[in-house]
Amino acid sequence: MEFKSQKVAYPYFGLALLLFVLQVLLGLWLAINYFVTLPQGLVDVFPFSTARAMHTNLLVLWLLLGFMGGTYYLLPDETKSEIYSTKLAYLIFVVLALTGVAALVGFLFGWNQGKPLLEIPTALDLVVVVGALLFLFNVAMTMIKAKRWTAIQGTLLAGLVFLAVLYLFGIPFYRNLTIDWYYWWWVIHLWVEGAWEMITAAIFAWVLMKITGVERGVVEKWLYVEIGLFLFTGIAGTGHHYYWLGAPRYWLWIGGIFSALEPLPILLMVIDTMRHVKERKLPITRRLVWTYAVGGVFFHLLGAGLWGFAHTLPQINYYTHGSQVTVSHGHLAFFGAYAMLNLMVFYYAMPKLRGLEEHAEGRGKFGFWTMVSAMFCLGLSFGIAGVLQAYLERVLGFGYMAAQEQMRLWFAVAFFCGLGFLVGVLVTVYDLFFPKPVTEKVSGKAAVARVVS
Amino acid sequence: MALSRKSAIWICLVGTLSSLVLFLILTVDTHRQVKVLTKAQNLSEEVVQGKRVWQKYNCNDCHTILGFGGYYAPDMTKVYKRIGTVGIQERLKKPEVVLARSWRKMPQQNLGDDEVKHLVTFFKWVSEIDTHDWPPQDSNKLPSSSIRRMIATVGISPGGALFKEKGCFGCHKIGGIGSDAGPALEGLGGKYNPETLARYIRTPAAVNPKSTMPQQPEVSPSDAEQITSFLLGIK
C-alpha cells in the first residue's frame, strides 16, 4: 500500500460484509415464509413485507458501501495523491452507517414510504442525498487537485454523479401510479444497467490493469467501448419495464429491441477480460482475485445477460412479468454483476490493508465455489417455480394460491440452496476479516502461475 | 486491434447520446399519452388517498401491482374486477378470518374505515389502466370471473342466481369456481336439514358458535330458503 489514505476504505468494506451476512439471513427467513405456514400472530408483527424491505435495502446498502470503499481504495493509486479529506470520508461513513441502522430499525416499526426497494422514508432520503453530495465532493476534489485525469477516473466520477442524480427521482410522492413506476425504474433500472455498470466497469478495469499489467491505453480503450454499449442498450432498454404499466404501446418495440442487445456489452467484457488474461505481463500471484475477476464476468453474463434476455421479449414477458422468473433473474444478476465484483475488490484490497501482500487462499477458494454453486442452484429453483407459475397461473388460469401450492416444493429447495450459500458467505467473510498469512509450502504453489478457469 | 482510442471515444459518446435523446423524447410523449391510458380524469383525491394508504402499510412488498413489487401475494392490478368491493373490504378488515384456511397469511393491520374505502377507490382506478391486457390471468380475452360464476350457477335454480348475486363466491367454491376462504359447498345434504341451513346462511353463529362466517342481514329469509334448496340440490 503506497498511500496512507487508502486505509479509509477498510471500514466501508468491513461494514459491507456484515450487512451482506445479515442480508442472507433475512433471505433465508423470506424463503421460510414461502413454504411454511406461519402463525397469524407472528405475521401481524413481522410480516413478509418488512423482512423483504430489509433484505433488499441491505443489498443496496452493502453494494453501495462496497463501491464507495472501492473508489476510496483505487483513487489514490489512480491520481497518485492522497484522498482530499480522510476526515470527511470517515464522517460520511458514520453518517451512512447510522442512516442504515435507522432505516432497518424504522422498517420494524412501519416507518416506511411503501415503495419497493426505495422504502426508506423521505427524512432519511435527505440524509442520504447530503452524504452522497459530500462523497462526490471528496472524490471530485481529490481528482481535481491531482490533475492526472484518466478514463478510469472520468468513468468512475460520471457513474457516481449519474447514480446520485437518479436517486432523486425516487423521492417525491407521485399521484399517478403509472408515473410513479415510470420514474421508479429511472432509479432501479438506470442504476443497475447504467450508473452501476459504469462504476463497476471502471473499478474492474483498474483491478484488471493492476493484476495483468496490460497497458492502460488498451484497457481504457475497451472501457470506452463497453460504456458506450452499456449505455446505448441500457438507457432505451429501460423500455422493457414499460410494457404493461399503462404506457404507450411503442415501448414494446423499443424495450424489446434495445434490451435484446443488452447482453452484447457483457459479452464484450468477457472477451476483453479473457484477452487481457491471455496477454498478461505479470505473473499470477494472487489467484483468488483472478478467480473472482474471471468468475465474476462469466456469472455477470449468465445472470444479467442470459437470464435477462430469456424473458425480456414482450411475447415471453407477458407471461413471466411479476412472477418468480423475475426473482430468479434478480438473484443471479445482482450476485453475478455486483456482489462478485465487490468481493473481488475486497479480496484485492483487504489483505493488503492489513499488511499482507499475499495470503493463504484455500478458505477463500472454498467460499467462492460454495457461493457460486449454491447461487446457481438457487437461481434454478426460483426459475423452475417461475416457469410453473407462468404456466399454471397465467396460461391455465389457476388461482394465485392454487398455483403457489404447486410451486411450494421449489421454495423449500430454494431455502436449502440458501443455507449452502450462507456457508459460503460465512467462510468468505471470515477469511476476508482474518486472512491467513502464506506458509512456505503454499507460496511455492502460488509461484506456479497459471490461468484460472 | 485496429480500433483507435479516438474511435472508441466516439462510440462511447454517440452510443450514449443517441439512446439518451430517444429515451427523453419518448418520456415526454409518454407523459402526454399516460393521461389517456390511465384515465387521469378519474384520478380523484380519494384515489390519491388510497395510494397513500397503499404505501403507508407497505402493501407493495408482499403484493405486486402492475406486476411490480413483492411476489408473495396476488397481483392487485385487476383485483377490483376479480373480487369487487366486498371481497376487498373483507380481506382488508379481517384477513385472519378470510385467510384462516390459507397456508399463507396476511397481517391484520387494523385499517380505519376511511382507509379501506380509499383503498377500494384506488384499486378501482388502477383496474381501469390500459395495461395492454396484462395480466394474462385477468385478460379480457378470458371469460371474466363474474361470467364464470354465472355459468356455474345460472339455469340451475333461482337460488343459484341468488348465490352469485349475494357474493357467496367471494368466500366459497362450487365446482372449483370461487374462493378458498370458506369451505367448498358440495355435499351439504348429509350435514344439514333445510331449516338449519337456511338459518345458518343468515345467522351462522346461531347454528355453529365457532363459525367465522359473517352474519348476512341483507339476505332475506325467502332468499335464504332459495339458496338452501340450490345448495342441497348439489350432490
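Every number in this text was worked out from the coordinates using simple rules, so none of it is lab data. What you see is a predicted model; the values in this text were computed from it and never measured. Glycine also receives a Cβ, built like all others from the backbone with ideal geometry; neighbour counts cover every protein chain displayed.
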Hey, what do the phi angles of the stretch A:17-34 turn into as Karplus ³J(HN,Hα) couplings, whole Hz, using 6.51/-1.76/1.60 and θ = phi - 60°, x for Gly and Pro? 5, 5, 5, 4, 4, 4, 4, 5, 4, 5, x, 4, 4, 4, 5, 4, 3, 6
Is the stretch B:42-134 rounded, prolate or oblate when judged by the Cα gyration tensor, a ≥ b ≥ c being the square roots of its eigenvalues, rounded requiring a/c under 1.5 and prolate requiring a/b larger than b/c? oblate
Too long for a 26 Å Cα-Cα cut-off, among A:Lys87/A:Lys436; A:Lys80/A:Lys221; A:Lys115/B:Lys173; B:Lys81/B:Lys210; B:Lys78/B:Lys117; A:Lys115/B:Lys81, are A:Lys87/A:Lys436; A:Lys115/B:Lys173; B:Lys81/B:Lys210
What translational diffusion coefficient, to the nearest whole µm²/s, does the stretch A:1-148 have by Stokes-Einstein, given a Kirkwood radius computed over alpha-carbon pairs, a temperature of 25 °C and 0.890 mPa s viscosity? 147
Restricting to DSSP H runs of at least four residues, report the calculated mean residue ellipticity at 222 nm for chain B, -39500 (n - 2.57) per run over all residues, nearest 500 deg cm²/dmol. -16000 deg cm²/dmol
Among A:Glu2, B:Glu186, what is the fewest-to-most ranking by other Cβ atoms within 10 Å? A:Glu2, B:Glu186
The exposure ranking of A:Ser81, B:Ser7, fewest beta-carbon neighbours within 10 Å first, is B:Ser7, A:Ser81
Fewest-first ordering of A:Trp307, A:Trp29 by Cβ atoms within 10 Å yields A:Trp29, A:Trp307
Counting only helical runs of four or more DSSP H residues, what would the 222 nm mean residue ellipticity of chain A come to if each run contributes -39,500 (n - 2.57) and the total is spread over all its residues? -24500 deg cm²/dmol
Return the sequence-ordered ³J(HN,Hα) values of the stretch A:215-222 in whole Hz as given by the Karplus equation 6.51 cos²θ - 1.76 cosθ + 1.60 applied to θ = phi - 60°, using x for Gly and Pro. 4, 4, x, 5, 4, 5, 4, 6
Anisotropy class of the stretch A:270-331 from Cα gyration tensor, a/c 1.5 cut: oblate
Name the long-range amide H neighbours of A:Leu38: under 5 Å, sequence gap of 5 or more, or other chain; modelled H, no Pro or chain starts. B:Lys105
Sort out for me the Cα centre separation of the stretch A:201-216 from the stretch A:98-170, rounded to whole Å. 25
Which Cα, out of B:Leu185, B:Pro158, B:Gly233, lies furthest along the positive dipole direction of the stretch B:145-233 (beta carbon charges, K/R +1, D/E -1)? B:Leu185
A correct Karplus calculation of ³J(HN,Hα) over the stretch A:252-267, with 6.51 cos²θ - 1.76 cosθ + 1.60, θ = phi - 60°, whole Hz and x for Gly and Pro, returns 4, 6, 4, x, x, 5, 5, 6, 5, 8, 4, x, 4, x, 5, 4
If you average the sequence gap of Cα pairs under 8 Å that are 6 or more apart and divide by the length of chain B, what percent do you get for the contact order? 15
Between B:Ile65 and residues 5 or more places away or on another chain, which pairs have amide H atoms under 5 Å apart, with H built 1.01 Å from N, and which residues are they? B:Met76
